[in-house]
Amino acid sequence: MTQTKDQPLEPGTPQRTRTYTWQDPLIGAGAVPGLSGLEYLRGMARGEFPPPPIGQTLGFTIGSEDDVQEGKVTFRMRPEEFHYNPIGSVHGGVYATLLDSALGCAIQTMLPAGVAYTTLDLAVKYLRPLRLGMGEVCAVAEVVSVSRQVATANAQIIDDAGKVYATATTTCLVMRPAQAPRSTQEKYP
Ligand SMILES: CC(C)(COP(=O)(O)OP(=O)(O)OC[C@H]1O[C@@H](n2cnc3c(N)ncnc32)[C@H](O)[C@@H]1OP(=O)(O)O)[C@@H](O)C(=O)NCCC(=O)NCCSC(=O)Cc1ccccc1
(Lines give C-alpha, C1' and ligand atoms only; values in the text may rest on other atoms or scores of the structure.)
Protein backbone atom coordinates (compact mmCIF):
# COMPACT_ATOMS: atom_id res chain seq x y z
CA MET A 1 0.00 0.00 0.00
CA THR A 2 1.25 3.50 -0.81
CA GLN A 3 2.50 5.43 2.20
CA THR A 4 1.03 8.91 2.55
CA LYS A 5 1.52 11.72 5.07
CA ASP A 6 -1.79 10.74 6.72
CA GLN A 7 -0.81 7.08 7.05
CA PRO A 8 2.18 6.97 9.40
CA LEU A 9 4.59 4.02 9.42
CA GLU A 10 3.60 0.97 11.49
CA PRO A 11 4.86 1.24 15.09
CA GLY A 12 8.13 -0.68 15.42
CA THR A 13 9.25 0.03 11.85
CA PRO A 14 13.05 0.16 12.20
CA GLN A 15 14.51 3.64 11.98
CA ARG A 16 18.10 4.22 10.97
CA THR A 17 20.17 7.20 12.04
CA ARG A 18 23.40 8.46 10.60
CA THR A 19 25.67 11.21 11.88
CA TYR A 20 28.74 12.53 10.14
CA THR A 21 31.16 15.40 10.43
CA TRP A 22 32.78 17.71 7.93
CA GLN A 23 35.14 20.63 7.89
CA ASP A 24 34.93 24.18 6.58
CA PRO A 25 35.20 23.82 2.79
CA LEU A 26 36.57 27.37 2.49
CA ILE A 27 39.85 26.30 4.17
CA GLY A 28 40.86 24.31 1.09
CA ALA A 29 39.23 26.73 -1.32
CA GLY A 30 41.38 29.50 0.17
CA ALA A 31 44.55 27.56 -0.75
CA VAL A 32 43.44 26.88 -4.32
CA PRO A 33 44.62 30.09 -6.04
CA GLY A 34 48.27 29.52 -5.09
CA LEU A 35 48.51 25.86 -6.10
CA SER A 36 48.20 23.92 -9.32
CA GLY A 37 45.22 21.57 -9.43
CA LEU A 38 47.53 18.57 -9.06
CA GLU A 39 49.28 20.07 -6.00
CA TYR A 40 45.97 20.94 -4.36
CA LEU A 41 44.34 17.54 -4.91
CA ARG A 42 47.47 15.64 -3.85
CA GLY A 43 47.59 17.84 -0.75
CA MET A 44 43.98 16.95 -0.05
CA ALA A 45 44.76 13.23 -0.50
CA ARG A 46 47.60 13.63 2.05
CA GLY A 47 45.15 15.23 4.49
CA GLU A 48 46.62 18.74 4.26
CA PHE A 49 43.28 20.23 3.15
CA PRO A 50 39.82 19.13 4.26
CA PRO A 51 37.91 16.83 1.92
CA PRO A 52 34.79 18.42 0.42
CA PRO A 53 31.62 18.14 2.55
CA ILE A 54 29.78 16.40 -0.31
CA GLY A 55 32.24 13.52 0.02
CA GLN A 56 31.40 13.21 3.73
CA THR A 57 27.68 13.48 2.98
CA LEU A 58 27.72 10.62 0.47
CA GLY A 59 30.73 8.72 1.84
CA PHE A 60 33.17 8.91 -1.07
CA THR A 61 36.87 9.77 -0.97
CA ILE A 62 40.10 9.96 -2.89
CA GLY A 63 41.75 6.94 -1.24
CA SER A 64 45.42 7.99 -1.48
CA GLU A 65 47.85 10.23 -3.33
CA ASP A 66 48.18 7.50 -5.99
CA ASP A 67 44.53 8.12 -6.84
CA VAL A 68 45.52 11.58 -8.11
CA GLN A 69 47.61 11.50 -11.28
CA GLU A 70 48.02 14.17 -13.93
CA GLY A 71 44.87 13.78 -16.04
CA LYS A 72 43.44 10.86 -14.05
CA VAL A 73 41.63 10.73 -10.69
CA THR A 74 39.96 7.84 -8.83
CA PHE A 75 37.25 8.25 -6.21
CA ARG A 76 36.12 5.35 -4.00
CA MET A 77 32.68 4.69 -2.50
CA ARG A 78 30.88 1.79 -0.84
CA PRO A 79 27.16 1.66 -1.75
CA GLU A 80 25.16 2.14 1.46
CA GLU A 81 21.51 2.01 2.45
CA PHE A 82 21.37 5.78 2.83
CA HIS A 83 22.20 6.06 -0.89
CA TYR A 84 18.98 4.28 -1.86
CA ASN A 85 16.10 5.46 -4.03
CA PRO A 86 12.56 4.17 -3.36
CA ILE A 87 12.93 1.39 -5.97
CA GLY A 88 15.62 -0.65 -4.22
CA SER A 89 18.96 0.51 -5.61
CA VAL A 90 21.41 3.38 -5.32
CA HIS A 91 19.85 6.65 -6.46
CA GLY A 92 20.99 7.84 -9.87
CA GLY A 93 22.00 11.18 -8.38
CA VAL A 94 24.61 9.42 -6.23
CA TYR A 95 26.25 7.95 -9.35
CA ALA A 96 26.11 11.39 -10.98
CA THR A 97 27.64 13.16 -7.98
CA LEU A 98 30.46 10.63 -7.71
CA LEU A 99 31.17 10.85 -11.45
CA ASP A 100 30.95 14.65 -11.57
CA SER A 101 33.45 14.82 -8.69
CA ALA A 102 35.95 12.44 -10.30
CA LEU A 103 35.60 14.10 -13.72
CA GLY A 104 36.00 17.64 -12.38
CA CYS A 105 39.03 16.68 -10.30
CA ALA A 106 40.68 14.90 -13.26
CA ILE A 107 40.38 18.15 -15.20
CA GLN A 108 41.61 20.13 -12.19
CA THR A 109 44.87 18.10 -12.20
CA MET A 110 45.66 19.59 -15.63
CA LEU A 111 45.17 23.22 -14.59
CA PRO A 112 47.94 25.52 -13.39
CA ALA A 113 47.63 27.77 -10.34
CA GLY A 114 45.13 30.59 -10.77
CA VAL A 115 42.99 28.79 -13.36
CA ALA A 116 39.45 27.95 -12.28
CA TYR A 117 36.89 25.59 -13.79
CA THR A 118 33.30 24.53 -13.43
CA THR A 119 31.08 21.81 -14.90
CA LEU A 120 29.02 22.84 -17.92
CA ASP A 121 27.64 19.44 -18.85
CA LEU A 122 27.47 15.91 -17.46
CA ALA A 123 26.06 12.90 -19.34
CA VAL A 124 25.67 9.62 -17.42
CA LYS A 125 24.82 6.14 -18.74
CA TYR A 126 23.49 3.87 -15.98
CA LEU A 127 24.47 0.31 -16.96
CA ARG A 128 24.05 -1.75 -13.78
CA PRO A 129 22.45 -1.14 -10.39
CA LEU A 130 24.72 -0.31 -7.44
CA ARG A 131 23.54 -2.17 -4.35
CA LEU A 132 24.26 -2.61 -0.67
CA GLY A 133 26.78 -5.35 0.13
CA MET A 134 28.65 -5.25 -3.17
CA GLY A 135 31.74 -3.65 -1.64
CA GLU A 136 33.69 -0.62 -2.75
CA VAL A 137 33.39 0.74 -6.27
CA CYS A 138 35.65 3.25 -8.00
CA ALA A 139 34.87 6.19 -10.24
CA VAL A 140 37.89 6.48 -12.52
CA ALA A 141 38.02 9.67 -14.60
CA GLU A 142 40.46 10.53 -17.38
CA VAL A 143 40.92 13.79 -19.25
CA VAL A 144 40.37 13.78 -23.01
CA SER A 145 41.24 17.38 -23.85
CA VAL A 146 42.00 20.73 -22.27
CA SER A 147 41.93 23.84 -24.44
CA ARG A 148 41.84 27.53 -23.63
CA GLN A 149 38.23 27.61 -22.43
CA VAL A 150 36.98 24.01 -22.58
CA ALA A 151 38.01 20.69 -21.03
CA THR A 152 36.44 17.27 -21.58
CA ALA A 153 36.82 13.99 -19.70
CA ASN A 154 35.40 10.46 -19.52
CA ALA A 155 34.73 8.30 -16.46
CA GLN A 156 33.48 4.88 -15.43
CA ILE A 157 32.19 3.42 -12.19
CA ILE A 158 33.74 -0.05 -11.84
CA ASP A 159 33.98 -2.73 -9.16
CA ASP A 160 37.03 -4.75 -8.10
CA ALA A 161 36.52 -7.16 -10.98
CA GLY A 162 36.39 -4.34 -13.51
CA LYS A 163 32.63 -4.67 -14.12
CA VAL A 164 31.25 -1.35 -15.38
CA TYR A 165 28.20 0.14 -13.59
CA ALA A 166 28.07 3.52 -15.31
CA THR A 167 29.94 5.67 -17.77
CA ALA A 168 29.97 9.46 -18.01
CA THR A 169 31.36 12.33 -20.01
CA THR A 170 31.72 15.93 -19.00
CA THR A 171 32.49 19.30 -20.47
CA CYS A 172 33.97 21.91 -18.13
CA LEU A 173 34.46 25.62 -18.63
CA VAL A 174 38.08 26.63 -17.99
CA MET A 175 38.47 30.17 -16.64
CA ARG A 176 41.98 31.54 -17.08
CA PRO A 177 42.98 34.64 -15.09
CA ALA A 178 42.42 37.25 -17.82
CA GLN A 179 38.89 35.89 -18.42
CA ALA A 180 37.84 34.76 -14.97
CA PRO A 181 35.18 36.67 -13.06
CA ARG A 182 36.68 38.38 -10.00
CA SER A 183 34.07 36.87 -7.70
CA THR A 184 31.19 34.45 -7.82
CA GLN A 185 28.84 37.44 -7.67
CA GLU A 186 30.22 38.86 -10.91
CA LYS A 187 28.78 37.47 -14.13
CA TYR A 188 31.10 35.70 -16.57
CA PRO A 189 31.44 37.93 -19.67
C1 LIG B 1 18.07 -2.81 -16.32
C2 LIG B 1 18.95 -1.98 -17.21
C3 LIG B 1 18.43 -0.56 -17.33
C4 LIG B 1 18.99 -2.56 -18.62
O5 LIG B 1 19.55 -3.81 -18.63
P6 LIG B 1 19.37 -4.73 -19.93
O7 LIG B 1 19.62 -3.93 -21.16
O8 LIG B 1 18.08 -5.39 -19.83
O9 LIG B 1 20.63 -5.66 -19.82
P10 LIG B 1 20.87 -7.05 -19.09
O11 LIG B 1 19.65 -7.85 -18.88
O12 LIG B 1 22.01 -7.66 -19.82
O13 LIG B 1 21.41 -6.58 -17.65
C14 LIG B 1 22.53 -5.72 -17.50
C15 LIG B 1 22.63 -5.47 -16.02
O16 LIG B 1 21.45 -4.82 -15.58
C17 LIG B 1 21.02 -5.37 -14.32
N18 LIG B 1 19.66 -5.85 -14.44
C19 LIG B 1 19.03 -6.20 -15.56
N20 LIG B 1 17.78 -6.56 -15.28
C21 LIG B 1 17.63 -6.43 -13.97
C22 LIG B 1 16.53 -6.64 -13.09
N23 LIG B 1 15.36 -7.10 -13.50
N24 LIG B 1 16.70 -6.40 -11.78
C25 LIG B 1 17.90 -5.94 -11.34
N26 LIG B 1 18.95 -5.73 -12.12
C27 LIG B 1 18.83 -5.97 -13.42
C28 LIG B 1 21.97 -6.44 -13.92
O29 LIG B 1 22.85 -5.87 -12.96
C30 LIG B 1 22.75 -6.74 -15.18
O31 LIG B 1 24.07 -6.91 -14.84
P32 LIG B 1 24.84 -8.28 -15.15
O33 LIG B 1 25.19 -8.22 -16.60
O34 LIG B 1 23.92 -9.40 -14.79
O35 LIG B 1 26.04 -8.20 -14.26
C36 LIG B 1 20.41 -1.94 -16.64
O37 LIG B 1 21.20 -1.23 -17.56
C38 LIG B 1 20.47 -1.29 -15.28
O39 LIG B 1 20.01 -1.85 -14.29
N40 LIG B 1 21.07 -0.08 -15.18
C41 LIG B 1 21.21 0.64 -13.94
C42 LIG B 1 20.00 1.56 -13.73
C43 LIG B 1 20.15 2.28 -12.40
O44 LIG B 1 20.56 1.69 -11.42
N45 LIG B 1 19.83 3.61 -12.41
C46 LIG B 1 19.97 4.42 -11.25
C47 LIG B 1 18.85 4.23 -10.27
S48 LIG B 1 17.31 4.91 -10.90
C49 LIG B 1 17.00 6.29 -9.90
O50 LIG B 1 17.61 6.46 -8.90
C51 LIG B 1 15.91 7.17 -10.37
C52 LIG B 1 14.88 7.28 -9.32
C53 LIG B 1 14.96 8.24 -8.34
C54 LIG B 1 13.96 8.37 -7.40
C55 LIG B 1 12.85 7.56 -7.44
C56 LIG B 1 12.80 6.58 -8.39
C57 LIG B 1 13.80 6.45 -9.33
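Worth a mention:
- Taking every protein chain into account, the accessible area of the chain amounts to 59 square angstrom per residue (probe 1.4 Å).
- For the residues Ala45, Ala155, Ala141, a GNM of the chain with alpha-carbon springs under 10 Å puts the largest fluctuation on Ala45.
- Think of the range 10-142 as a dipole: +1 on every Lys or Arg Cβ, -1 on every Asp or Glu Cβ, centred on the Cα centre; then among Ala116, Leu38, Met77, Met77 lies furthest on the positive end.
- Accessible carbon and sulfur surface of the chain relative to its total accessible area, %, 1.4 Å: 53
- Per-residue SASA remark: Cys138, around 20 Å² accessible (1.4 Å probe; ligands, DNA and RNA not included).
- Computed label-point distance, nm, for sites Glu10 and Arg46 using a 7 Å Cα→Cβ extension: 5.5
- Of all the options Tyr95, Tyr20, Tyr117, the one that moves most in a Gaussian network model of the chain with Cα springs shorter than 10 angstrom is Tyr20.
- Evaluated with a Cβ-only charge set (Lys, Arg +1; Asp, Glu -1), the chain carries a dipole of roughly 340 debye about its Cα centre, given to the nearest 20.
- With helices as the sole contributors, the chain gives -6000 deg cm²/dmol at 222 nm; each DSSP H run of n ≥ 4 counts as -39500 (n - 2.57), and the sum is divided by every residue.
- In the chain, one over the average inverse separation of all distinct C-alpha pairs is 18.0 Å, which is the Kirkwood hydrodynamic radius.
- Taking the range 81-120 and a reference point 7 angstrom along Cα→Cβ of Met134, the backbone N atoms nearer than 11 Å belong to 89-91, 95.
- Here the simple spin-label model places points 7 Å from the Cα toward Cβ, and for Leu173 and Gln69 these points are separated by 3.1 nm.
- Ranking Ser145, Ser36 from most to least accessible surface, computed with a 1.4 Å probe over the protein chains only, gives Ser145, Ser36.
- Formal net charge of residues neighbouring Gly88 (Cβ-Cβ distance under 13 Å; K, R +1; D, E -1): 0
- Which of Ser101, Ser64 is most accessible, then next, and so on - probe 1.4 Å: Ser64, Ser101
- Ser147-Tyr20 pseudo-label distance in nm [points 7 Å out on the Cα-to-Cβ vector]: 3.7
- The order of Ile62, Ile87, Ile157, Ile27 by accessible area, most exposed first and with a 1.4 Å probe, is Ile87, Ile27, Ile62, Ile157.
The values are calculated or read from the model by the stated rules, or taken from the named source; none is laboratory data. Everything numeric in this text was worked out from a predicted model, so none of it was measured. Counting neighbours? That spans all protein chains shown, and the Cβs are built from the backbone with ideal geometry, glycine included. The protein model used for the area step is the full one, side chains on, heavy atoms only, and it has no ligands, DNA or RNA in it. Shrake-Rupley method; radii C 1.70, N 1.55, O 1.52, S 1.80 Å.
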